[in-house]
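The values are calculated or read from the model by the stated rules, or taken from the named source; none is laboratory data. Keep in mind it's a predicted model, so treat the numbers as computed, not measured. Neighbour counts run over all protein chains shown; Cβ positions are idealised from the backbone, glycine included. Keep in mind that these areas ignore ligands, DNA and RNA; they rest on the heavy atoms of the full protein, side chains included. Shrake-Rupley method; radii C 1.70, N 1.55, O 1.52, S 1.80 Å.
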Amino acid sequence: MISNNSVNSFKKNVSATILVVDDSPINLHLLNRILNETGYAVRLAGDGKLALQSVKTEPPDLILLDIMMPIIDGYEVCSQLKKDPETRNIPVIFLSAKGEVFDKMKAFDLGAVDYITKPFAPEEVVARIDCQLRIWQLSKELAEQNNLLQEELEELQKSDGYNIGELQQQ
């Protein structure tokens, strides 16, 4: 169990939305408390089907996903998310009691960005979420900068009458 002092020690000013998907009400309650106290907006789903509906309605910034759930397991949820162009870039962190290397490798093969084994340390969960959200944000910024550079290059080519191929041959 985490103390309030521990949660407050890593409290941040963040506005990211985390979707927590777990069939255990106890885990949902605990993760909701930890992440809310840390400053995240939290949405909860008790099974994979509800998770997929929630993501379609309003995509979160990151998904914490249990593996062993009724109806649709976490592996299938991740697989469906990664096949959809609208959701494939949402970072998925598996949070599971399954600790075998096979289970972890399957999660990564499906597109997960991280894997946390239960029982978990709240500080570790928050640190891994923070890390993945930083990577995701930096990736988005890099893609935006690349698009801006491409647009500037195209404008230069139009105004100067050059294209890259001609410049490289000179």
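For region 37-116, the Cβ-based charge dipole about the Cα centre amounts to some 160 debye (Lys, Arg positive; Asp, Glu negative; other atoms uncharged).
Couplings for region 72-89, taken from phi via the Karplus curve 6.51 cos²θ - 1.76 cosθ + 1.60 with θ = phi - 60°, read 10, 6, x, 4, 5, 4, 4, 4, 5, 4, 6, 7, 8, x, 6, 10, 5, 8 Hz in order; Gly and Pro are left as x. Panel values: the chain, Kirkwood radius from alpha carbon pairs, Stokes-Einstein at 20 °C and 1.002 mPa s, translational diffusion coefficient 121 µm²/s.
A 1.4 Å probe run over the protein chains yields, for region 23-151, 52 Å² of accessible area per residue, whole-number rounding.
Using R0 = 41 Å, the C-beta based FRET efficiency linking Ala41 and Asp160 works out to 0.30. Estimated from helices alone, the mean residue ellipticity of the chain at 222 nm is -18000 deg cm²/dmol (sum of -39500 (n - 2.57) over DSSP H runs with n ≥ 4, per residue). The calculated FRET efficiency for the pair Asn146 and Glu76, based on their C-beta separation and a Förster distance of 30 Å, comes to about 0.35.
Shown is the FRET efficiency for Ser139 and Lys56, computed with R0 = 22 Å from the Cβ-Cβ distance and rounded to the nearest 0.05: 0.50. Each Lys and Arg adds +1 at its Cβ and each Asp and Glu adds -1 at its Cβ; summed about the Cα centre, the chain shows a dipole of about 660 debye. Measuring nothing but protein heavy atoms, the accessible surface of the chain at 1.4 Å probe radius is 53 percent carbon and sulfur.
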